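Worksheet: the structure to be examined is printed underneath.
Read the figures in this text as sums done on the coordinates, not as results from a lab. No experiment lies behind these values; they were computed from the predicted model shown. Quick reminder, even Gly has a Cβ in these numbers, built from the backbone with ideal geometry, and neighbours come from all protein chains shown.
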Amino acid sequence: MGFRIVHFADLHLDAPFAWANPRTSGQRRANRRRTLERIVELAQTERADAITCAGDLFEHDLVTPDTVEFLRRTFESAGRPVLLAPGNHDWYGPASPYERTAWPSNVRIFEDDDPVAVDIADGIRLWGVAHRGPVTPANLVGRVRTDGDAVHLLLAHASETGGLAWQEEGKQAHAPFAASDLERCGVDLALLGHYHAPRDGERYSYPGNPDPLEFGEDGERGALLVTVGPDGSIDRERRRVAVSEVHDVDVDVDGARDRDEVSARLGEAIRGMGGCVRATLRGELGADVQLDLRELERAGEGLDGLVVRAGALTYAYDLETIRAEPTVRGQFVRDADAIDDDDLRRRVVLTGLRALAGRDDLDVA
């Protein structure tokens, strides 16, 4: 059967979910706790020998004493070693719960930004490294120096820089390294965290965040079941552990004649869905249609949360006729022609025409 590890990262307990109302944000935070319990249950069901976490387990500046006690109790109940490598959101320091909490004896927290080795089984050595602050520009992975014939695993919160195309847009690189560093340092498999998109390289794996944080996330994220065979072979399988449901849906409102028709189309589009939904309205409405996005979100009764955004919504103004008018709004449209960016010009014109008409639903232009 070999030695089995359940690996996860980037749970972000106590994340704020600032976009949501208090009820929804509270539910999403509760779901993250249930997800950790499912990770522990997975380890027990699969008879895993250890659980590993590669950082961002919680939010350093937001974590509550109640959450810390939940972690302490949940890890103690795991009944097997739990190894934690702090990341940039849950970095190790004097004020960190990692240092200030009396953790159960089965919990091992890596404290140093120089890799430390732990023999977790006969012939299997796990190297762990910690972030010591919220920003880590150094290559922590490249500091590993393996020796001997063991299978060498690495537990780290770090940014593999060779696959920039798949990394999340705008995601800051922390502890950046090249995939070639792993072979050079003798690491057979790096169990990583930081990037929320699941990704496997020849010698590394990002499990992805186990419970969705944002709308628009895709890919088979979850927990990673790693098996090291008696012959040193390594097998990786992803297992779903998420509790939250998050959906993105486009709503075609083209030609809708009033806000009730828009609301009806929205209701039809989200029918049967659960969890949190982000609905993007698309299409052209009559110039007289007046929308209140917050009002439309009432269609989400029964969901954990509904967010409605205008997206590519536009309005059927006769701009050629307006442009020819000897009026303030005619001059406004003519002046807007100087804007080179088509989308920006569209939004400026729509917002301005609605403002000149005394409309207050400017956020949907």
For a quick check of your reading of the filter: which trypsin sites (Lys or Arg not before Pro) in region 129-221 sit in a DSSP loop and have no more than 13 other Cβ atoms within 10 Å?
Arg145, Lys171
On the principal axes of its Cα set, how long, how wide and how thick is region 274-365? Give whole Å, largest value first.
51, 26, 16
Give me the base-10 log of I(q)/I(0) for region 1-107 at each q in 0.10, 0.11, 0.16 Å⁻¹, Debye formula, one uniform scatterer per Cα, rounded to two decimals.
-0.28, -0.34, -0.71
Dipole of the chain (Lys/Arg Cβ +1, Asp/Glu Cβ -1, origin at the Cα centre): which of Val308, Ser159, Phe8 lies farthest to the positive side?
Phe8
Hey, if you put +1 on the Cβ of every Lys and Arg and -1 on every Asp and Glu Cβ in the chain, which of Phe58, Gly79, Val141 ends up farthest toward the positive end of that dipole?
Gly79
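Treat every Asp and Glu Cβ in the chain as -1 and every Lys and Arg Cβ as +1, leave all other atoms uncharged, and give the resulting dipole magnitude about the Cα centre to the nearest 20 debye. Show your work: numbers first, answer last.
Numbers: 44 positive and 66 negative charges, 153 e Å.
Result for the chain is approximately 740 debye, rounded to the nearest 20.
Summarise the long-distance tail of P(r) for the chain by giving the % of C-alpha pairs beyond 31 Å. Write down the numbers at each step before the final one.
Details: 30870 of 66430 pairs.
Everything past 31 Å amounts to 46 percent.
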Relative to the longest principal Cα axis of the chain, at what angle does helix 342-356 sit, 0 to 90 degrees, rounded to 10?
50 degrees
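For the chain, what is the relative contact order in percent, using Cα pairs closer than 8 Å and at least 6 residues apart in sequence? Don't skip to the end; give the middle numbers.
Details: 785 pairs, mean separation 47.5, N = 365.
Reported relative contact order: 13 percent.
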For the chain, take the longest principal axis of its alpha carbons; what is the angle in degrees between that and the long axis of helix 22-45, to the nearest 10 within 0 to 90?
30 degrees
Projecting the Cα atoms of Ser105, Thr24, Trp127 onto the charge dipole of region 1-130, where Lys and Arg contribute +1 and Asp and Glu -1 at Cβ, the residue farthest towards the positive end is Thr24
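Find the Rg to Rh ratio for region 207-340, where Rh is the Kirkwood radius over alpha-carbon pairs and Rg uses the same atoms.
On the way: Rg = 22.9 Å, Rh = 18.5 Å.
A ratio of 1.24.
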With Cα springs under 10 Å, the Gaussian network model of the chain assigns the largest mean-square fluctuation among Glu301, Glu69, Glu220 to Glu301
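So what is the calculated 222 nm ellipticity per residue for the chain, using -39500 (n - 2.57) for each DSSP H run with n of 4 or more, over all residues, to the nearest 500 deg cm²/dmol? Spell out each step's value before the answer.
Working: 9 runs with 92 residues, N = 365.
Counting only the DSSP helices, I get -7500 deg cm²/dmol.
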